[in-house]
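Take a look at the structure below.
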Amino acid sequence: MRFLKRASQWANQCLLALAIAPLGTVILSWNPSPEADVMGYKVYYGNASGNYTQVLDVGKVTEFTLNNLVENTPYFFAVTAYDTALNESGYSNEVSIVLNGQDPPGGPPSVAQVYNYPNPFHPKQEVTHLHYVLQQPAQVTIEIYDSNNELVRKLLDKSVKAAGEHTEDTWDGRTDAGQPVANGIYFAKIQIGNTAMYIKIAVFN
């Protein structure tokens, strides 16, 4: 019972993120559960939000590469943790992706509807662009979090955006107070309407 209670807290705070990989491939990563008796994690995915038709036991890792995904097909992902008694947590946040076989500017040969470029990025030399596609006008909020799930920067707050492709929103590697962040892994939370998606961003100063 202790595991389930703590695992539920982990699931609510977990940041599952997507990274771009070669065509037909995504890399999923997530925060580790702090529980000492965690045995491993399971990756759930399917073609509709909340309807996961596939599950993979990936063992005690916090990054997993999924291959052979079909172009122009939506995929939705979530992750759970389980302990030595096979008790399983609830789902993490959900992330989604559509592969369309095009090249992002300066990026590898695969595109998600939501990604950033360049990644990794060097704040002393450049900014990173947040890319997303809206099928219809929507309110967009973009926030940057560190690996401890602490808010670092709010880039947009319910800004109304037109339908279409957007690349104009950028992050310069600084906090809301204007201080440069340390090297490490950060997460961009892009909320479009009621749907939130996360991107893993590597910062190297």
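Okay, here's what the table says:
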| quantity | calculated |
| --- | --- |
| Residue within the range 36-46 that is closer than 23 Å to Val114 by Cβ, modelled with pLDDT under 95 and either of a type in the set (S, T, N, Q) or assigned to a loop (DSSP other than H, G, I, E, B) (or both) present | no |
| Selection status of Ala163, touching a Pro at 6+ places or on another chain (Cβ under 7 Å), of a type in the set (A, V, I, L, M, F, W, C) and farther than 23 Å from Asn31 by Cα | yes |
| Qualifying residue in the range 131-139 (condition: at pLDDT 90 or above, surrounded by 16 or more Cβ atoms within 10 Å (Cβ to Cβ), outside any loop (DSSP other than H, G, I, E, B) and in the same structural domain as Ile199 (by TED's automatic domain parsing)) | no |
| Qualifying residue in the range 147-163 (condition: crowded, with 16+ Cβ neighbours inside 10 Å, of a type in the set (Ser, Thr, Tyr) and modelled with pLDDT under 90) | no |
| Boolean, Gly59 is loosely packed, with under 12 Cβ neighbours inside 10 Å and free of Cβ contacts under 8 Å to residues at least 24 places away in the same chain | yes |
| Subset of the range 67-86 (residues that are part of a strand (DSSP E or B) and either of a type outside the set (S, T, N, Q) or in the same structural domain as Tyr198 (by TED's automatic domain parsing) (or both)) | Pro74, Tyr75, Phe76, Phe77, Ala78, Val79, Ala81, Tyr82, Asp83 |
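The values are calculated or read from the model by the stated rules, or taken from the named source; none is laboratory data. In this text the structure is predicted, and so the values were computed from the model without any measurement. Cβ atoms come from the backbone with ideal geometry, glycine included; neighbour counts cover every protein chain shown.
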